[in-house]
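The values are calculated or read from the model by the stated rules, or taken from the named source; none is laboratory data. Everything quoted here is computed from the prediction, not taken from an experiment. For neighbour counting, all protein chains shown are included, and Cβ atoms are generated from backbone atoms with ideal geometry for every residue, glycine included.
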Amino acid sequence: MDDLDEELYRKYSPELLRFAAALVGPTDADDVVSSAFLRVLSSRHWPSVVEQRAYLYRAVVNEARQGVRTSRRRLARELAVARPDQLQPDALRVEMAEALAALSVQQRAVVFLTYWFEMSAAEAATTLDMSQRSTERVLSSARFRLRRSLQ
């Protein structure tokens, strides 16, 4: 990593870590951001990227998606071999955490940016390199799912 890459990492990693924590939880956020940076910086397209911040946010979303898919596959394999009498319910689940976890990574990304970063749909769309209409649809769908699961 050269000096420009290090400066870029220092500049964007704190906000990307908060963003990743909202998508995958604080435990996996560092790994997601690191993997996203490595993937981006090794890409042959990186030197021609104009909107680097938006590109990095999108890379974090993609890494989060990949991580969620991997975790789900691993959990399915583990549950397939576990005996039902060995499974213990997690008594400390909070309703809101469950509702947020049930959202897709893309929905969590849009919800996080609009509520925690207080971005408009247009700002979130730019940050995630999506159209504003797509962002509004994703946000509307996420709100509907949250309302339904919290009732």
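Things worth noting here:
- Residue count for region 40-77, restricted to those that are in a loop (DSSP other than H, G, I, E, B) and either surrounded by 16 or more Cβ atoms within 10 Å (Cβ to Cβ) or not hydroxyl-bearing (Ser, Thr, Tyr) (or both): 5.
- Hits in region 1-39 - residues which are of a type in the set (Val, Ile, Thr) and crowded, with 17+ Cβ neighbours inside 10 Å: Val24, Val32, Val33
- Matching entry among Leu17, Leu23, Leu56, Leu8 (being touching a Gly at 6+ places or on another chain (Cβ under 9 Å) and on the phi < 0 side of the Ramachandran plot): Leu23
- Flag if Ala142 is modelled with pLDDT of 90 or more, more than 18 Å from Val68 (Cβ to Cβ) and assigned to a helix (DSSP H, G or I): no
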